[in-house]
Amino acid sequence: MAGNGEASWCFSQIKGALDDDVTDADIISCVEFNHDGELLATGDKGGRVVIFQRDPASKTANPRRGEYNVYSTFQSHEPEFDYLKSLEIEEKINKIRWLQQKNPVHFLLSTNDKTVKLWKVSERDKSFEGYNTKEENGLIRDPQNVTALRVPSVKQIPLMVEASPRRTFANAHTYHINSISVNSDQETFLSADDLRINLWHLEVVNQSYNIVDIKPTNMEELTEVITAAEFHPTECNVFVYSSSKGTIRLCDMRSAALCDRHSKQFEEPENPTNRSFFSEIISSISDVKLSNSGRYMISRDYLSIKVWDLHMETKPIETYPVHEYLRAKLCSLYENDCIFDKFECCWNGKDSAIMTGSYNNFFRVFDRNSKKDVTLEASRDIIKPKTVLKPRKVCTGGKRKKDEISVDCLDFNKKILHTAWHPHENIIAVAATNNLFIFQDKF
């Protein structure tokens, strides 16, 4: 962030094909930096995971640059068919979560609607040759032909990055998985679907513990679904989950094995003046993220993003309108199903700023200290290195200024649902359909 509190960003890179003809499988469905920001992973609707690695030269350059190169690409999930329910299971990657790195090997969890997988990503730049018991082509040698013992030697080979599946956590969700979250103990993780949250151990694939179950006995009495869930960053017994009714519940696993009774419930009473047919839909929380410090959390509903203090349940401490100008357009957004879009949100590394997406490939950055915000656009028109992003403004009525865009001209097919912020630097990754934009603070 610039010193005056104004966010100032410039273009760094764009990944993905620049053709206008986009296949559905190439649409990015999740973005996630690892814990030190050296790696950046994306998942797409085709079940692929692409990992980018920070360019070493970009870190030592003056000024530092946020540039990433393709590190590894692998097929994480394949399309499946549930024969019992006659349902197709999409290969689309819903979420990616990195585990803390303990050695040169990286581990990540990826999930589609039904199955979570643990992947090991490792490097290999050496091979052994000169075995006594097998030929160079791998065939086993006849021991009678071994006349002398050789000492195998180590040979340098071009760097290979291998992704291998280590665990598959399946058959535990009746409904679609919307969230996974790794616990701070780095041994367990949760997976959440519409009605249940399960707790897994990373070493155990054949059983999980159901820690939240909001499924009513009679499904006709169903009034809400779980929309997102996340573990506390430092307290391994605490997690939060949000619902389609606009509430966030904090649960403590020490209090009971089944956390149906929450410890805290965060909910803001609705403003009666804004009450409408769409109130329930737009109050549904699409994402919730705890701050790096563990003291705050942000929640994203359709029109706003709210900051909550975990010590105060009655109302958020900050509320930022994301695209309030769409309130008058809710009827047409309902008709074209855009009102059900699930926008994600994220913190910067210092918890001083938050980011979320909007339509027309706009995304919003809010500075919590200066209370200033900016609307930026992930556009192919600015894909020249070091191009400074110009703030965009939306005109809601009356006379439109030269640099403003009318609310009626917004493209609702272009939407920024997934964003990620580097954990230590001002480098952000923004997914726009099949392209990944990387921006950094101004040089």
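A simple spin-label model places pseudo-atoms 7 Å from Cα toward Cβ; at His35 and Arg380 they are separated by 3.9 nm.
Diffusion of segment 137-182 by Stokes-Einstein, at 37 °C in a medium of 0.692 mPa s and with Rh set to the Kirkwood radius over alpha-carbon pairs, works out to 189 µm²/s. Distance from the C-alpha centroid of segment 358-387 to that of segment 101-151: 45 Å, rounded to the whole angstrom. Which lysines does Lys372 reach when only Cα atoms under 20 Å apart count, and residues fewer than 8 places away in its own chain are ignored? Filter leaves Lys306, Lys350, Lys390, Lys393, Lys442. Sparsely packed loop sites in segment 30-91 (the GluC sites (Glu not before Pro) outside DSSP H, G, I, E and B with at most 12 other Cβ atoms within 10 Å) do not occur. Using Cβ point charges alone (K and R +1, D and E -1), the dipole size of the chain about the Cα centre works out to roughly 1380 debye. Solvent-accessible area per residue in the chain equals 50 Å², computed with a 1.4 angstrom probe and all protein chains kept.
With the simple model of a label 7 Å out from the Cα in the direction of the Cβ, Tyr209 to Lys134 spans 4.2 nm. If a/c stays under 1.5 just call it rounded; otherwise compare a/b with b/c (prolate if a/b is bigger, oblate if not). Do that for segment 39-137, with a ≥ b ≥ c from the square roots of the Cα gyration tensor eigenvalues. Cα axes put segment 39-137 in the oblate bin. Legend: calculated FRET efficiency, Arg327 to Met160, from the Cβ-Cβ distance at R0 = 60 Å, rounded to 0.05, equals 0.70.
Does a label point 7 Å from the Cα of Ser127, set along Cα-to-beta-carbon, have any residues of segment 139-160 with amide nitrogen under 16 Å, and which are they? Within reach of a label on Ser127, which here means backbone N under 16 Å from a point 7 Å along Cα→Cβ, segment 139-160 contributes 139-140, 152-160.
Across segment 1-92, Cα pairs under 8 Å and at least six residues apart give a relative contact order of 21 percent. Nonpolar atom fraction for the chain, defined as the carbon and sulfur part of the 1.4 Å probe accessible area, stands at 49 percent. Absence of a disulfide-compatible partner, taken as no other cysteine beta carbon within less than 4.7 angstrom, is noted in the chain for Cys10, Cys30, Cys236, Cys331, Cys338, Cys345, Cys346, Cys395, Cys409.
Relative to the current alpha-carbon distance between Glu270 and Asp341, full extension at 0.36 nm per residue lengthens the span by 23.5 nm. For segment 133-279, the square roots a ≥ b ≥ c of the C-alpha gyration tensor eigenvalues yield an a/c of 1.5 or more together with a/b exceeding b/c, which makes the shape prolate.
The values are calculated or read from the model by the stated rules, or taken from the named source; none is laboratory data. Note that this is a predicted model, so its numbers are computed, not measured. Cβ: placed from backbone, ideal geometry, glycine included. Neighbour counts: every protein chain shown. These accessible areas exclude ligands, DNA and RNA; they are computed on the full protein's heavy atoms, side chains included. Shrake-Rupley method; radii C 1.70, N 1.55, O 1.52, S 1.80 Å.
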